[in-house]
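Quick notes on the structure that follows.
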Amino acid sequence: MPARAYWQGQIRLALVSIPVEIYSATKSGAQISFKQIHEPTGQPIHYEKVVTGVGPIDVNEIRKGYEVAKGEYVLLEQEEIDAVKLESKKTLELTQFVDASEIDVLYYEKPYFVVPADDLAEEAFIVLREALRRAKKVGLGQLALRGREYVVSLKPCGRGMVLETLRYADEVNKAQSYFREIPDAQPDPELLDLAGALIDRKTGAFDPQEFHDRYVDALRDLVERKRAAHGQKIIEDKDSGAARSGSNVVDLMAALKKSMEGRGAANDDAAPAPAKKASTRKPAAKKPAEPAPAPAPAKKPAARKRA
């Protein structure tokens, strides 16, 4: 268990209050961090807090200000901001329950693990977790985090629960404005079948361990090669495929069709249906050739006996 919880408070359902703690469920992955360097000296560039007409200032003199008019600000102390009373700063009240499928994926933002704050809270915590699991519902409420109030969802996750912050409706762009130009047409059934077959071939269980940031690996490799080259410029001249245009979509689908046909021929064991059709066609081609030689030898001996 991490030493410090991200948030401590209670989940309230009607008259039941459950003390809980939440912890961040994600962390930053491996990244390549660059600094700005002054090339002539090789020294890193620093940034100073500067006031127009005054110059560099002490960070202790900085206050938060809200602009109420052009050039006019209301200054606030951090203590004043922290003292703003909002029930959701310490209480998550579950006000609605919905099917998880009703929440569009665009609204989900960041996940957190939720655990009971102490032994006394465990029983009520487990009851709520299992009730949500049995009903196959997600609890909704509002919670103040990171200086703002979020809509959040709550759902079971193993022995615990997961809380996810959600975006407000005005924070999500309407898809229609982006999808409007896409024609409302049905695809060719044959091409649709080919695409479906390709999806079936590549269908499997999700394993996040199989994926990693290849761009980070490539940048690390670039840094090592640049270091070995003693600072000489290294430019990879590779076809990135950026020259492809929309006119190649038809060619892509034709290539998909040929690719699927080639795979079917190469993988007869994996595709029993085509193999059976091939076996029924071959005997049909041989049947006309078999009866031709049989009648000739049968008639000749009969003619000789009569003579």
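Numbers below:
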| read-out | value |
| --- | --- |
| Å³ per residue enclosed by the Cα convex hull of the stretch 7-59 | 206 Å³ |
| Shape box of the stretch 1-133 [Cα atoms, principal axes, largest first, Å] | 64, 40, 33 |
| Relative contact order (%) - the stretch 112-188, alpha-carbon pairs under 8 angstrom, separation at least six | 26 percent |
| Cβ-based exposure ranking for HIS230, HIS212, in which fewest neighbours within 10 Å come first | HIS230, HIS212 |
| PHE211 versus ALA229: modelled label distance in nm, points set 7 Å from Cα along the beta carbon direction | 3.2 nm |
| Cβ-based exposure ranking for LYS137, LYS89, in which fewest neighbours within 10 Å come first | LYS89, LYS137 |
| Mean separation of Cα contacts under 8 Å (6+ apart) over length of the stretch 1-112, as relative contact order % | 29 percent |
| Stretch gain in nm, segment ALA69-GLU39, where the contour uses 0.36 nm per residue and the Cα spacing is subtracted | 6.6 nm |
| Isotropic mean projected area of the C-alpha convex hull, the stretch 51-99 (nm²) | 7.1 nm² |
| Extension gain (nm, one decimal) between VAL115 and VAL50, 0.36 nm per residue minus Cα-Cα | 18.9 nm |
| Using a Förster distance of 30 Å, the FRET efficiency for ASN173-THR203 (Cβ separation, nearest 0.05) | 0.45 |
| Shape parameters for the stretch 92-229, alpha-carbon atoms, Rg then Dmax in Å | 22.0, 63 |
| Cleavage-rule hits, GluC sites (Glu not before Pro), the stretch 185-236, DSSP coil, Cβ neighbours within 10 Å at most 15 | GLU236 |
| Cβ-based exposure ranking for ILE22, ILE234, in which fewest neighbours within 10 Å come first | ILE234, ILE22 |
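Only the coordinates and a few stated rules stand behind these numbers; no lab work does. The structure displayed is predicted, hence computed values, not measured ones. As a convention, Cβ positions derive from the backbone with ideal geometry for all residues, glycine included, and neighbour counts pool all protein chains shown.
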